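Here the structure comes first, spelled out in structure tokens, and everything after it is commentary.
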Amino acid sequence: MPTPENSELNQALVAFLGGDNRAGEALCAGLRTTILAVVRNRASDLANDREDVLNEVFVLLMEAPHRFDPARGSARGFIMSTILPDAMQRVRAKRARPGTTTRRRKVSESALEASFPMLDPVPAPETVEVVGYGSPAAMEAACDACAIWSSATPPLRIVIGGLMDGEAQADIAAEMGIDRFKVARMIKTLRQFATAA
């Protein structure tokens, strides 16, 4: 059962979280000596910053008014066990030198940025030496092959496939069931398509 003092603090905290400044003054007057004594006993490194911790307690209360639930406990217990350690940690973090770590604030390692060096000025595509799949000649040949393939009839596609596999004209002819001279004429047609593309 809450004592009359705790009951008054509970009502003052609820009113303060609702926006009543007078209730905040009453809450501060009721808890000031307790908070300062706890900071003096628990955090000797904050001897000169006790008032800052007290102010930070009220800042934290205003930042998250929904955290306090009177059904779960008293205002004094909530402030001393939940808000006060956070306030002390915040004051320590503000005092810390840049680059140092505290218990809750870790220095994040900067991620390496993906960068691709660009030549300045950018050279013309014809002057860049590229060999293989990405070369301009290979891309042009691929475009030409696509144009030839799309306009070729199914028998011509069989001939293209046989040539890509490295088969001889006689083998392609045997596979298709035609004579090799017809395959030669089909290859000649392919050359004409290639010059047109």
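Considering the conditions (1) in contact with a Pro (Cβ under 9 Å, 6 or more places away or on another chain); (2) modelled with pLDDT of 85 or more, Val130 is excluded by exactly one of them, (2). Applying the set (1) within 17 Å of Arg191 (Cβ to Cβ); (2) modelled with pLDDT under 80 to Ser135 leaves exactly one unmet item: (1). State whether one or more residues within the range 171-193 are under 50 Å from the mean Cα position of the chain (by Cα) and loosely packed, with under 13 Cβ neighbours inside 10 Å. Taking every residue of the range 171-193 in turn, none turns out to be under 50 Å from the mean Cα position of the chain (by Cα) and loosely packed, with under 13 Cβ neighbours inside 10 Å.
Annotation: of all residues in the range 149-171 being among the charged types (D, E, K, R) and in a helix (DSSP H, G or I), the one that is nearest to Ala196 (Cα to Cα) is Arg157.
When we screen Gly19, Gly73, Gly30, Gly24 for residues that are outside any helix (DSSP H, G or I) and surrounded by 13 or more Cβ atoms within 10 Å (Cβ to Cβ), the only hit is Gly73.
The values are calculated or read from the model by the stated rules, or taken from the named source; none is laboratory data. Because the structure is a prediction, the values reported are computed rather than measured. We place every Cβ from the backbone using ideal geometry, glycine too, and count neighbours over all the protein chains shown.
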